[in-house]
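This report refers to the structure that appears directly beneath it.
Just so you know, all these numbers are worked out from the coordinates, no wet-lab data involved. Please read these numbers as outputs of a predicted model, since none were measured by experiment. Cβ placement follows ideal geometry from the backbone for every residue including glycine, while neighbour counts extend to all protein chains displayed.
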Amino acid sequence: MMKCRVCETDCKMFLDLGWQPIANNFIARDQFPSEPFYHLQVFFCPSCFTVQLGECPEGRGVFNENYPFFTGTSQGMIKHFVQFSELIKEKYLPANGTIMEIGSNDGTFLEHFKNWEHMGFDPSESVTRVARSKGISVYPKPFETFPAKDSKRWHGATDVFISANTFAHIPDRHGVLRNIKIMLAQGGVWINEEPYLRSIIDKLAYDQIYNEHIFYTSIASMRNALNMHHLEIIDFEILPTHGGSIRYFIGHKRAEDSNGKIDQAVEHEGLNSFDVFQHFGQAVQRCATEFKKNLLALKRPVVGYGAAAKSTTVLNYCDIGPDIVSKIYDTTPEKQGKFSPGKHIPVVSYSQFAEDDTPDVVLFVWNHGREIYDKERYRTRNWLLPVGGAA
Ligand code: TYD
Ligand code: ZN
């Protein structure tokens, strides 16, 4: 039985994505024999409504020296973070305030706050090295292991916490929430954004599901977890990033009984009953079958665009190897010359894409569609989407 990581209730499985490799583990040929696989299953907790993976590789096995994801590689994400930092300076961070980021990656975000007291937390050495070279202070360990309770200096000292696409990665939710409760200033705010489960379901974007993402957030489940630490959602907004994200504004729990906007939102999102998830699980199966059928029907080699972590889920679940998708073009030097996890499709340098006249291109990074269609002159290719359709 799978116990909920938040409330320890027995969970119910609604989606089985089979044996999957580690999504960002792009490897060389000599590593094929020792490649680890794990069973990717997704569960719903009927008590606190948390949606989460079953057993999965965690911690140092994933966010290590070789972790190849650098925030600073997408123009769209860089722009997104510039706008976000303006908002924070305007509305939330006093001139003499303190800001902290959980999962500060290569410092793309904190770079805008060098003139404030700041600290980034990130356990992955490859990215913290880059952040430090930009002059950003980093605590190179997981935030949830920071001894906040014993560091009096930090009690109630943080005006703004931010985290983008990291809270979902951390199995020890209570560790994170406990530290936030201690460190957050009175009247301070934790702004947390991550892919929104409602969007994943509506867009059938099951490729967002992979080992790094242990949790899939809903307003209903977030409210319950926060409540256990006397924190609450003050407000939220829906964003277009990663195909549909939610940005929560969280603070210390106030005296008033309830927040009408949040109560209504929980009602409206409808992610607190198992049948919604069962239905989604079935729709994913149909979507995968259809996608593979379409690729095979083309009867000619296809290439991929963007060796994103999320391509790993689709390729392995649909059992698509180099005989169907011959190569994947990608801009990240660390991935080029390597092979995709599990299915071992060669990843090649994006610089060669323009010379490749293969008409059919699978857009694995569909979430950056607009940016890419502009760049690649949309009409010159037959773009195929790996996920999506009616749920
Ligand atoms: P992204 O969708 O940002 O992330 P994730 O890995 O979390 O699913 O995809 C990042 C990968 O896509 C990265 O390897 C770089 C690659 N990429 C391109 O090759 N070209 C592009 O135009 C974009 C936006 C990304
Ligand atoms: Zn639970």
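Annotation: amide H-H contacts under 5 Å for residue 98 (H modelled 1.01 Å from N, sequence separation of 5 or more, or interchain): 159, 160.
Applying a DSSP loop filter and a limit of 16 other Cβ atoms within 10 Å to the GluC sites (Glu not before Pro) in the range 227-279 leaves 256.
Placing +1 on the Cβ of every Lys and Arg and -1 on the Cβ of every Asp and Glu, with no other charges, gives the range 299-384 a dipole of roughly 140 debye about its Cα centre. Beta bridges from DSSP with both residues in the range 299-384: antiparallel share about 10 percent, rounded to the nearest 5. Per-residue 3J(HN,Hα) values for the range 147-158, derived from phi via the Karplus relation 6.51 cos²θ - 1.76 cosθ + 1.60 with θ = phi - 60°, read x, 4, 4, 8, 9, 3, 3, 9, 5, x, 9, 9 Hz in sequence order (x marks Gly and Pro). A helix-only calculation puts the chain at -8000 deg cm²/dmol for mean residue ellipticity at 222 nm, using -39500 (n - 2.57) for each DSSP H run of at least four residues, averaged over all residues. Residue by residue, the range 45-52 carries 3J(HN,Hα) couplings of 8, x, 9, 10, 6, 6, 9, 8 Hz when phi is fed to the Karplus relation 6.51 cos²θ - 1.76 cosθ + 1.60 (θ = phi - 60°); x denotes Gly or Pro. Here the dipole of the chain is about 260 debye; that uses its Cα centre as origin and unit charges on the Cβ of Lys and Arg (positive) and Asp and Glu (negative).
Between the Cα long axis of helix 260-269 and the first principal axis of the chain there is an angle of about 20°, rounded to the nearest 10. Between residue 227 and residue 117, residue separation times 0.36 nm minus the direct Cα-Cα distance comes to 36.7 nm. A crude spin-label estimate for the pair residue 267 and residue 10, with each label 7 Å from Cα along the Cβ direction, gives 3.3 nm. Using the charge dipole of the range 299-384 (Lys, Arg: +1 at Cβ; Asp, Glu: -1 at Cβ; taken about the Cα centre), state which of 384, 352, 301 has its Cα farthest towards the positive end. In the range 299-384, that residue is 384.
Which residues' amide hydrogens lie under 5 Å from the amide hydrogen of residue 193, considering only partners 5 or more residues apart or on another chain, with H built in the peptide plane? Here the answer is 163, 164, 165, 248, since their amide H atoms fall under 5 Å of that of residue 193. When the charge dipole of the range 1-298 is built from unit charges on Cβ atoms (+1 for Lys and Arg, -1 for Asp and Glu) and taken about the Cα centre, the candidate among 81, 18, 287 whose Cα reaches farthest toward its positive end is 81. Residues whose amide H falls under 5 Å from that of residue 360, counting only those 5 or more places apart or on a different chain, are 303, 382, with hydrogens built in the peptide plane.
Applying the Karplus relation 6.51 cos²θ - 1.76 cosθ + 1.60 with θ = phi - 60° to the range 75-84 yields 3J(HN,Hα) values of 4, x, 5, 4, 5, 3, 6, 5, 4, 5 Hz, where x marks Gly and Pro. In plain terms, if you count all Cα to Cα distances in the range 278-368 and split them into 10 Å steps from zero, the share in each step is 16, 51, 27, 6, 0 percent. Taking label positions 7 Å along the Cα-Cβ direction at both residue 174 and residue 1, the computed distance is 1.8 nm, reported to one decimal. Note on residue 129 and residue 91: the extension gain reaches 10.6 nm, defined as 0.36 nm multiplied by sequence separation minus the Cα-Cα distance. By the rule of a C-alpha distance below 18 Å, with chain neighbours fewer than 8 residues away ignored, the lysines paired with residue 91 are 114. Under the simplified labelling scheme, the residue 253-residue 149 pair shows an inter-label distance of 1.9 nm, with each label point 7 Å from Cα along Cα→Cβ. In this calculation the C-beta distance from residue 32 to residue 202 is compared with R0 = 35 Å, giving a FRET efficiency of 0.45.
Would you list, by chain and number, the lysines whose Cα falls below 30 Å from the Cα of residue 343, excluding same-chain residues fewer than 8 positions away? Once the sequence-local lysines are set aside, what remains near residue 343 is 12, 203, 292, 293, 299, 310, 327, 335, 375. Counting 0.36 nm for each residue step from residue 296 to residue 83 and taking away their Cα separation leaves a gain of 72.5 nm.
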